[in-house]
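Enquirer: Okay, handing you the structure first.
Coordinate-derived values only; no laboratory data. Keep in mind it's a predicted model, so treat the numbers as computed, not measured. Cβ sites come from the backbone with ideal geometry, for glycine too, and all protein chains shown count toward neighbours.
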Amino acid sequence: MLDLQKYTCLGSALRDALDRFAGETCVIEADRDREKTRLTYSDFTEMATPLTRALEDADLDAGDRAAIIMTNQSKWLISAYAIFYCGGVLVPLDYKLTAAEHLQLLAHSKAKVLIVEYYLWRAIMQAPEFQDIKTKLVLVTEAPLGADLAGAFRWENFRRKGAPDFVMRQRHDVACIVYSSGTGGRPKGCVLTHENYLEQCRALTAWYPFWPGVRYLSILPTNHAIDFMVGFIGPFMCGACVVHLRTLRPEFVRDAFVRYRISYVALVPMIVKNLERGLRAKFDELPSWKRMILDRMIALNRIATRRKPHVRLSRLLLAQVHRAFGGELLALITGGAFMEPSTMQFFYDLGVPVVNGYGLTEAGTALTLNDLRPFRADTVGKPLPGVELRILNPDGEGIGEVAARSKTLMSHYLDDPELTLETIVDGWLLTGDLGRFDERGHLQLFGRKKNMIVSEGGKNVYPEDIENVFDGLPVKEYCVLAANYVWPRKELGGEMLAIVLRLEQGQKFDGKLLEEIMARNQRLPDYKRVHAHVIWEKDFPRTASMKIKRQQLAEDIGKSVEREAMVEL
């Protein structure tokens, strides 16, 4: 791995990595069962150089902003490298946003350049707001020859001969403007520096190093903070390989694990949960004698890995399970939303650790991570090297707002000094998350500060804390909301907690499900118990990182369902 302390910017570090690991494979791109692209670091340089020279000739200067809207692919990484080489500022946008949202963020970021996939550019051109676009240069990937691009250029043809001039940037210069997954009517552009990324990469690889031969399966969008770091910057600094899939259909994802012998993959908790359900279903289909052997091997592995993982032993004891994951999987990486402890424990017992962490866009990628020494399913781990955390105004149980300080914290919110001053106070980032430290220094989270409910008895109640008790409830989705949050009342007291249920297709709310809810409810102290349920017929709105948009869900329910529709338990 490169010594990142010696570098002042991502561009120079990436340039040296391409040279140092020239013969190693850096990117593999597959479409269904066919491999489309395989690049060495040397190949990557050859593809990026003429694009970089063309951007330079088009006057992409130091500090100019260039946005990328693309699905995960090699052209995303090549384009990002070219932008950094020119000294530009990268604006990675979520391809899942609407055309109107893309145009809003392009305007807010004042992007001079846009690199965009053809089908996304067509949608943008058709949006009413397109007439106001100010972006000067647009490059469109995979556009058919002769297609009307409204003055844009085909990415594949935008090339110039000759070596570009490298533009050096300093550590405190802006590297990226990343829009928070919570972006709504008020865009929150997190301004992140080169130092933020270099220090984040150093901290993460100190605990989980990559090396040539490691293969990372890139499934989360590359614009996402986790995948940008773990699926681009981290692997490239270490000479590892990133595998992109042009489809995320489960059968092709499963095939990729085996075909490419994947070492790491980052997944949102929802996908990890779906993997668990699939494995449990397969285990249930086994003949009784095979299931008995499997259960014994899992029990043995649980004992052997109590203090720390033993990869070789786990692969020996549970060989068939590990072969299904390609035989080289070291860990699943997750974050961005709550991860059910039972799911983490399930995979750990199979010898597949789930590395759970906690972070937010404003802090780069991660603030804490489980170091697996020992494995803990009930926390989000310890602060990473260089990260300071403290709990503000803790209550009697030690729970208060988590504040963070490190070299990975954003510089500010773009063009929003007021929000910046509210969020970063005396160098400390106020996360808005509620947590406490246990006796071993692990951070436990209890929800968002703004979601906190005060019961009639004056007790603080956190919806996410209650939801933990309903872990594994046999429904598609669920969450806990306060009735007064959904149907606001101008009075104090009379609060009622309700569990909102999104049932599976064809599922009915029957006596069995009611009994399950009641049984779990009894585990809670009186002031935390759910008093009613609401059936919701639509999928919950979620952010790009798959967190439930509680405020939007509450507003949607409040508009469509009367308070009297709650059914008391």
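Enquirer: Tell me, what does the Kirkwood hydrodynamic radius of the chain come to in angstroms if you use every pair of distinct C-alpha atoms?
Expert: 25.2 Å
Enquirer: Okay, moving on. Can you pull the Rg over Rh of region 450-568, Cα-only, Kirkwood?
Expert: 0.93
Enquirer: Rg and Dmax of region 387-439, using alpha carbons, in Å: what are they?
Expert: Over region 387-439's Cα set, Rg and Dmax evaluate to 12.2, 41 Å.
Enquirer: Between Asp61 and Lys282, what length in nm is gained on full extension when 0.36 nm per residue of separation is reduced by their alpha carbon distance?
Expert: Stretched fully, the Asp61-Lys282 segment lengthens by 74.0 nm.
Enquirer: Report the label-to-label distance for Arg159 and Leu330 in nanometres (one decimal), using points 7 Å from each Cα along the Cα→Cβ vector.
Expert: Taking the simple label geometry, Arg159 and Leu330 are separated by 3.6 nm.
Enquirer: Let me ask another. Determine, for Thr37, Thr343, the number of other Cβ atoms within 10 Å of each Cβ, and report the residues in order from fewest to most.
Expert: Fewest-to-most ranking of Thr37, Thr343: Thr37, Thr343.
Enquirer: What angle, in degrees between 0 and 90 and rounded to the nearest 10, separates the Cα long axis of helix 99-109 from the longest principal axis of the Cα atoms of the chain?
Expert: The answer is roughly 70 degrees.
Enquirer: Could you calculate the FRET efficiency of Gln5 with Lys559 from 1/(1 + (r/R0)^6), where r is the beta carbon distance between them and R0 is 60 Å, rounded to 0.05?
Expert: In this case the efficiency is close to 0.65.
Enquirer: Need one number: convex hull volume per residue for region 315-423, Cα atoms only, in Å³. Numbers along the way, then the final one.
Expert: Working: hull volume 15.2 nm³, N = 109.
Spread over its residues, the Cα hull of region 315-423 gives 139 Å³ apiece.
Enquirer: In the calculated pair distance distribution of region 263-326, what percentage of Cα-Cα distances lie above 14 Å?
Expert: That fraction is 66 percent.
Enquirer: So what is the relative contact order for the chain, in percent, with contacts set as C-alpha pairs under 8 Å and at least six apart?
Expert: Taking the mean separation of contacting Cα pairs over the length of the chain, I get 11 percent.
Enquirer: I've got another one for you. Please work out the FRET efficiency for the pair Ser342 and Thr37, using the Cβ-Cβ distance as r and a Förster radius of 45 Å; give the result to the nearest 0.05. Don't skip to the end; give the middle numbers.
Expert: Details: r = 39 Å, r/R0 = 0.87.
Efficiency computed from Cβ-Cβ geometry: 0.70.
Enquirer: About its Cα centre, how strong a charge dipole does the chain have in debye, to the nearest 20, once Lys and Arg get +1 and Asp and Glu get -1 at the Cβ?
Expert: 1500 debye
Enquirer: Counting helices only, and only those DSSP H runs with n ≥ 4, report the 222 nm mean residue ellipticity of the chain as the sum of -39,500 (n - 2.57) divided by its residues, in deg cm²/dmol to the nearest 500.
Expert: Per the formula, -9500 deg cm²/dmol.
Enquirer: If you line up the long axis of helix 41-57 against the longest principal axis of the chain, both from Cα atoms, how many degrees apart are they, to the nearest 10?
Expert: Helix 41-57 and the main axis of the chain meet at about 70 degrees.
Enquirer: If the cut-off is 20 Å between C-alpha atoms, which aspartates and glutamates fall inside it for Lys36, apart from same-chain ones fewer than 8 positions away?
Expert: Within the straight-line limit of under 20 Å, Lys36 reaches these aspartates and glutamates: Glu24, Glu46, Glu117, Glu142, Glu156, Glu251, Asp255.
Enquirer: Output the relative contact order of region 387-439, whole-number percent, from Cα pairs under 8 angstrom with separation of 6+ residues.
Expert: The normalised contact order for region 387-439 reaches 40 percent.
Enquirer: Another question, if that's okay. Give a residue-ordered list of calculated ³J(HN,Hα) values for region 69-81 (Karplus: 6.51 cos²θ - 1.76 cosθ + 1.60, θ = phi - 60°; whole Hz; x for Gly, Pro).
Expert: 10, 8, 6, 5, 5, 5, 5, 4, 5, 4, 5, 4, 4
Enquirer: Can you give the percent of C-alpha pairs in region 4-251 whose distance is more than 31 Å? Walk me through the intermediate numbers first.
Expert: On the way: 5517 of 30628 pairs.
Cα-Cα pairs of region 4-251 separated by over 31 Å account for 18 percent.
Enquirer: Need one number: % antiparallel among DSSP beta bridges in the chain, to the nearest 5.
Expert: Within the chain, antiparallel bridges account for around 55 percent of the total.
Enquirer: Additional query: Of the trypsin sites (Lys or Arg not before Pro) in region 501-569, which ones lie in a loop per DSSP and count no more than 13 other C-beta atoms within 10 Å?
Expert: Taking region 501-569 and a limit of 13 other Cβ atoms within 10 Å, the loop trypsin sites (Lys or Arg not before Pro) found are Lys508, Arg523, Lys538.
Enquirer: Subtract the Cα-Cα distance of Gln505 and Trp487 from 0.36 nm times their separation in residues, and report this length gain in nm to one decimal.
Expert: Taking 0.36 nm per residue and subtracting the Cα distance, the gain is 3.8 nm.
Enquirer: Looking only at GluC sites (Glu not before Pro) in DSSP loops with at most 12 other Cβ atoms within 10 Å, what is the longest site-free stretch of the chain? Write down the numbers at each step before the final one.
Expert: On the way: sites that count: Glu285, Glu397, Glu439, Glu456, Glu491, Glu504, Glu537, Glu562.
My reading of the result: 1-284 is the longest stretch.
Enquirer: What Kirkwood hydrodynamic radius do you get for region 196-321 when you take the inverse of the mean 1/r over all pairs of distinct Cα atoms, in Å?
Expert: Result for region 196-321, one decimal place: 16.7 Å.
Enquirer: Separate question: Convert each backbone phi in region 342-355 into a coupling constant with the Karplus relation 6.51 cos²θ - 1.76 cosθ + 1.60 (shift: θ = phi - 60°), then list the ³J(HN,Hα) values in order as whole Hz, x for Gly and Pro.
Expert: The phi angles translate into 5, 5, 4, 5, 4, 6, 4, 5, 8, x, 10, x, 9, 7 Hz.
Enquirer: Can I ask one more? If I fit a long axis through the Cα atoms of helix 288-304 and take the longest principal axis of the Cα atoms of the chain, what angle between them do I get, 0 to 90°, rounded to 10?
Expert: Between the helix axis and the principal axis of the chain, the angle is about 70 degrees.
Enquirer: Something else about it: Take peptides 478-485, 242-249 and line them up by average Cβ neighbours within 10 Å, highest first, as a rough protection proxy.
Expert: By packing density, highest mean first, the sequence is 478-485, 242-249.
Enquirer: State, to one decimal in nm, how far the label point of Glu142 lies from the label point of Arg312, with both points 7 Å from Cα in the Cβ direction.
Expert: The two pseudo-label positions are separated by 4.3 nm.
Enquirer: Using 0.36 nm times the number of residues separating Met518 and Ala299, minus their current alpha carbon distance, what extension gain do you get?
Expert: 75.8 nm
Enquirer: Same structure again: List the residues whose amide H sits under 5 Å from the amide H of Val89, counting only those 5 or more places along or on another chain, with H placed 1.01 Å from N in the peptide plane.
Expert: Those qualifying (amide H under 5 Å, at least 5 residues apart or on another chain) are Gly63, Asp64, Arg65, Ala66.
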